[in-house]
1. Could you tell me how many of the residues in segment 86-116 are exposed (fewer than 11 other Cβ atoms within 10 Å of the Cβ) and not small (G, A, S)?
2. So which residues in segment 53-80 are in contact (Cβ under 8 Å) with a residue 40 or more places away in the chain, out of contact with any strand residue (DSSP E or B) (no Cβ under 9 Å at 6 or more places or on another chain) and farther than 15 Å from R97 by Cβ?
3. Tell me which of these R74 doesn't satisfy, since it passes every other one: (1) over 17 Å from the mean Cα position of the chain (by Cα); (2) under 28 Å from S22 (Cβ atoms); (3) not small (G, A, S).
4. Select from segment 40-90 the residues that are outside any helix (DSSP H, G or I) and under 17 Å from I8 (Cβ atoms) and list them in ascending order.
5. Go through segment 111-140 and give me each residue that's modelled with pLDDT of 95 or more and among the basic types (K, R).
6. Which members of segment 16-37 meet the condition of being touching a residue at least 40 places away in the same chain (Cβ under 8 Å), surrounded by fewer than 18 Cβ atoms within 10 Å (Cβ to Cβ) and in contact with an Asp or Glu (Cβ under 8 Å, 6 or more places away or on another chain)?
Amino acid sequence: MLRINDAITIADWELSESFTRSQGPGGQNVNKVSTAVELRFEAERSPHLLPAVKTRLKRLAGRRWTIDGAIVIRAEETRSQARNREAARERLAELIRAALVAPKRRVPTKPTAGSKRRRLAQKAERGEVKVLRGKVEDDE
């Protein structure tokens, strides 16, 4: 069981783990011990998540979201299977916590009269500077 927050916990049947040999340095150990963890969470079928949360989760997961609606997280940072397993579970929990937060709606605002006035004054000043850079004509 994976605890996300006080209200949401993910059941064991929604999670599946597979272990493979890890890539990278590790000496002889890397060739014989399966330390890399591939955690699979059946997000689309999960009864614990609301549809809006699932939509945000799909967007946040990106390439980790599979066609059949599962999230696949691979962890192979450490040489310990247990630590990789914990790291994968923590990453999944963080991803779900991020999806639980609904983004605030942007309220469009209009510029104030003072800011419009300042902007136009600045534009006029800048234009004047550019005009003064022109060629100087002799009146004589």
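The values are calculated or read from the model by the stated rules, or taken from the named source; none is laboratory data. Nothing here was measured: the structure is a model prediction, and the numbers come from that model. Quick reminder, even Gly has a Cβ in these numbers, built from the backbone with ideal geometry, and neighbours come from all protein chains shown.
1. Summing the residues that are exposed (fewer than 11 other Cβ atoms within 10 Å of the Cβ) and not small (G, A, S) in segment 86-116 gives 11.
2. Across segment 53-80, the qualifying residues are T78, R79, S80.
3. If we test R74 against (1) over 17 Å from the mean Cα position of the chain (by Cα); (2) under 28 Å from S22 (Cβ atoms); (3) not small (G, A, S), just (1) comes out false.
4. F41, E42, A43, E44, R45, S46, P47, H48, L49, L50, I71
5. Residues satisfying the conditions are K116, R117, R118, R119, K123, R126.
6. Those that are touching a residue at least 40 places away in the same chain (Cβ under 8 Å), surrounded by fewer than 18 Cβ atoms within 10 Å (Cβ to Cβ) and in contact with an Asp or Glu (Cβ under 8 Å, 6 or more places away or on another chain): E17, F19, Q23, G24.
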